[in-house]
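The values are calculated or read from the model by the stated rules, or taken from the named source; none is laboratory data. Keep in mind the model is a prediction, meaning the values are calculated, not measured. Neighbour counts run over all protein chains shown; Cβ positions are idealised from the backbone, glycine included.
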Amino acid sequence: MDRSRPMQSRGPLGGLLWNTAVWRKAWGDQRVLLVSLVALWGAFPWLYIWLSAQIEMPAFQNVLLEVIPKNWQKLSGVPFSEVATYAGRVALAFVDPVVVLAATVWGITRGSDAVSGPLERGTMEMLLAAPVRRSAVFLTQALATTAAAAILCGVLLASVWTVVSFGPWAGRVEPSLFVPAVLNVFGLMVCMAGLSACVSAADSHRWRTVGIMCGFYVAAILAKLVGRLSSMLGWVGYLSVLNAYEPQRLVGGNAEAWTLLAGYDSVLLGLGILAYVVGALIFSRRDLPAPL
């Protein structure tokens with residue numbers, strides 16, 4: 001069915017009420033995942049620091065600096081001498097799978113539900129039967145996803161801040177050091193959500209959108225690893241969007257950390273926003289399949 005022409009609202013009040021309904025629907029669709037990740041990210045830093053504190057710093061430094069081969073420093077992204085500090089050990093939490101995979105799952109899950117999800121469930125036709133523009137539907141879902149990502153990053157920062165201030169290493173690390181790292185996590189979430197929404201806008205099956213994005217994510221990981229481990233193929237790393245996700249390098253507490261963050265997040269947020277714009281254009285102009 002061709003609905004490429006935007007539908008006009010039945011007046012300012014009707015449009016406002018309907019946009020509110022779409023906004024509530026977007027938040028309702030992501031409520032369960034949002035609450036689950038709030039609980040996960042609220043508890044994880046406390047558990048991570050408590051477990052890390054079980055290994056005394058001298059023993060940790062001995063293993064990291066003397067036992068592990070120096071060539072493995074390429075995988076860490078930062079010298080082991082920087083990791084073997086209290087700030088460096090806390091920073092490792094941001095590259096832990098609990099954080100990285102949760103951020104990626106949020107982006108792919110919510111982005112894939114922008115268009116192909118409702119189409120697959122058969123609810124998009126009912127949504128567009130009302131006086132609402134396609135671009136408004138797409139934008140509302142994008143804003144809800146981004147706002148919830150900001151809430152999740154706020155929870156993560158608050159949890160890290162409190163455990164650093166009152167946990168086992170209280171007084172040994174400045175909590176504000178980890179603000180750039182959390183902002184880098186936010187950039188990754190927006191990037192993955194935008195790319196997923198762009199693919200979703202051109203697809204009609206959510207499972208296929210998720211599959212495409214999972215393949216993209218695996219390819220990005222492999223490209224980053226090849227770029228780091230191979231001297232001849234170092235350029236391959238620049239093809240990976242994950243090359244701009246380096247939170248462990250952003251805890252220096254100096255101007256360099258914020259400069260690096262500006263470069264990393266300009267890539268992540270730029271790609272995410274561009275993908276959202278392209279996705280909105282695709283969704284506004286494509287023909288939608290008739291409901292089954």
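Per the conditions (1) surrounded by 24 or more Cβ atoms within 10 Å (Cβ to Cβ); (2) modelled with pLDDT under 95; (3) of a type in the set (A, V, I, L, M, F, W, C); (4) part of a helix (DSSP H, G or I), the sole criterion not satisfied by residue 173 is (4).
Have a look at 240, 284 and point out the one that is touching a Pro at 6+ places or on another chain (Cβ under 8 Å), closer than 25 Å to residue 111 by Cβ, surrounded by 14 or more Cβ atoms within 10 Å (Cβ to Cβ) and of a type in the set (Gly, Ala, Ser). Only one candidate passes the filter, namely 284. Would you check if residue 276 is more than 27 Å from residue 122 (Cβ to Cβ), hydroxyl-bearing (Ser, Thr, Tyr) and either out of contact with any strand residue (DSSP E or B) (no Cβ under 8 Å at 6 or more places or on another chain) or in a helix (DSSP H, G or I) (or both)? Taking the combined requirement at face value, the residue does not satisfy it. For segment 114-146, filtering for residues that are in a helix (DSSP H, G or I) and loosely packed, with under 15 Cβ neighbours inside 10 Å leaves 4.
Out of curiosity, is residue 230 over 22 Å from residue 192 (Cα atoms), surrounded by 12 or more Cβ atoms within 10 Å (Cβ to Cβ) and polar (S, T, N, Q)? Spelling it out, residue 230 is indeed over 22 Å from residue 192 (Cα atoms), surrounded by 12 or more Cβ atoms within 10 Å (Cβ to Cβ) and polar (S, T, N, Q). Checking the stated criteria, residue 199 turns out to be crowded, with 18+ Cβ neighbours inside 10 Å and under 18 Å from the mean Cα position of the chain (by Cα). Cβ-Cβ contacts under 6 Å between residues 6 or more apart (or on different chains), taken from a first residue in segment 87-111 that is in a helix (DSSP H, G or I) to a second residue that is acidic (Asp, Glu), are listed as 88/82.
Restricted to segment 155-170, and to residues that are farther than 20 Å from residue 95 by Cβ and part of a helix (DSSP H, G or I), which residue is nearest to the chain's Cα centre (by Cα)? Among those that are farther than 20 Å from residue 95 by Cβ and part of a helix (DSSP H, G or I), it is 162.
Does residue 44 qualify as being modelled with pLDDT under 90 and surrounded by 16 or more Cβ atoms within 10 Å (Cβ to Cβ)? No: the conditions fail for residue 44. Annotation: of all residues in segment 163-186 being in contact with a Pro (Cβ under 8 Å, 6 or more places away or on another chain) and among the polar types (S, T, N, Q), the one that is nearest to residue 38 (Cα to Cα) is 184. Run down 278, 199 and say which single residue is over 24 Å from residue 152 (Cα atoms) and in contact (Cβ under 8 Å) with a residue 40 or more places away in the chain. From the options 278, 199, the qualifying one is 278.
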